[in-house]
Amino acid sequence: MKIAFVGKGGSGKTTLSSLFIRHLAARQAHVVAVDADINQHLGAALGLDEQEAAELPAMGAHLPLIKEYLRGTNPRITSAETMIKTTPPGEGSRLLRVREDNPVYEACARTVRLDDGQIRLMATGPFTESDLGVACYHSKVGAVELCLNHLVDGPDEYVVVDMTAGSDSFASGMFTRFDMTFLVAEPTRKGVSVYRQYKEYARDFGVALGVVGNKVQGPDDLDFLRDEVGDDLLVTVGHSDWVRSMEKGRPPRFAQLEEPNRDALRTLLRAADAAYGRRDWVRYTRQMVHFHLKNAESWGNAKTGADLAAQVDPDFVLGEHAAQFSAPQPA
């Protein structure tokens, strides 16, 4: 399952995504976690110290390697330089699997050991001072989108992405790359404003959206969220002494997380797992192509000097079957 956590800045989405990742690891699930937020706090939320978090490799710095690997022997892609963030796979492309070892994971992922398991953690890299005036953060997450376009995941395999805050996720088609999107909302007018934006943008793309009410302190907060988001409200989370200790850098063992919050994580997992039975690889591939053609026309063709529409393989459908015919890894 591919799962996104979104929400406005300060809503608690990084904290909740880290708790969900810990919950998956405790169940011995296979997990690839991706920090795609501009602030890059997921590593710290998973227990890395400041130096360890700073030493995480930036996916954006390895974009040429990622492109060359995913390109494989696809004859429609003349060079890695002509690949953009929306380039879809086709016959001959290399596909990524959650459980495998490959050059992309070797360069960009690090193993993080948690109380009851371990995960792979990847990060886009921070938005630095050198980027100001010359770059946009959407270029940083391009590596994530390209990997998601080439990813095939199965049961008990999870890719959890802590997304950039607010509605910035809609700057490309990346919001359609997930089986389940959890929107973290506080019980305030600002807290639900991102929900309304997301709901509106995602309406025509079949995006599965569930709201997680965070910082809920009583019945009035709960009633407010129910009035504002209706049936999209999956679960609410209140105060947590465990999270408070984690934020101080002294987390107890994860098994000591309060039972109401553990139950909330179980609800999120049930919602994510239910999405597996509804996944439609044909629609997923069609949406991928739609956004690629849109990006090609608006900026990609001019940037690369190539007709990027020619990269589309009309007979290719991404899915678990396609992984059997992916190009082999380089020797």
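The values are calculated or read from the model by the stated rules, or taken from the named source; none is laboratory data. For clarity, every value in this text was computed on a predicted model and none was experimentally measured. All Cβ positions, even for glycine, are placed from backbone atoms using ideal geometry, and neighbour counts span all protein chains on display. Just so you know, the surface numbers come from the protein's heavy atoms only, side chains and all, with ligands and any DNA or RNA stripped out. Shrake-Rupley method; radii C 1.70, N 1.55, O 1.52, S 1.80 Å.
Results, tabulated for the structure shown:
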quantity: Helices (runs of 4 or more DSSP H) enclosed by segment 254-304 - at least 1 residues per element that are touching a strand residue (DSSP E or B) at 6+ places or on another chain (Cβ under 6 Å); calculated: 259-276
quantity: Helices (runs of 4 or more DSSP H) enclosed by segment 26-74 - at least 1 residues per element that are farther than 30 Å from Pro314 by Cα and open to solvent by 10 Å² or more (accessible area, probe 1.4 Å); calculated: 42-45, 50-54
quantity: Check on Gly90, crowded, with 21+ Cβ neighbours inside 10 Å and either under 17 Å from the mean Cα position of the chain (by Cα) or over 17 Å from Gly142 (Cβ atoms) (or both); calculated: no
quantity: Residue within segment 274-294 that is open to solvent by less than 70 Å² (accessible area, probe 1.4 Å), at positive phi and either among the small types (Gly, Ala, Ser) or at pLDDT 95 or above (or both) present; calculated: no
quantity: Filtered residues of segment 247-268 (kept if surrounded by fewer than 18 Cβ atoms within 10 Å (Cβ to Cβ), in contact (Cβ under 8 Å) with a residue 40 or more places away in the chain and under 17 Å from Ala25 (Cβ atoms)); calculated: Arg253, Ala255, Arg262, Arg266
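Quick grid of which residues meet (1) free of Cβ contacts under 8 Å to residues at least 40 places away in the same chain; (2) in contact with a helix residue (DSSP H, G or I) (Cβ under 6 Å, 6 or more places away or on another chain); (3) on the phi < 0 side of the Ramachandran plot:
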| site | (1), (2), (3) |
| --- | --- |
| Ala4 | no, no, yes |
| Ser11 | no, no, yes |
| Leu24 | no, no, yes |
| Ala36 | no, yes, yes |
| Leu46 | no, yes, yes |
| Pro57 | no, yes, yes |
| His62 | no, yes, yes |
| Glu68 | yes, yes, yes |
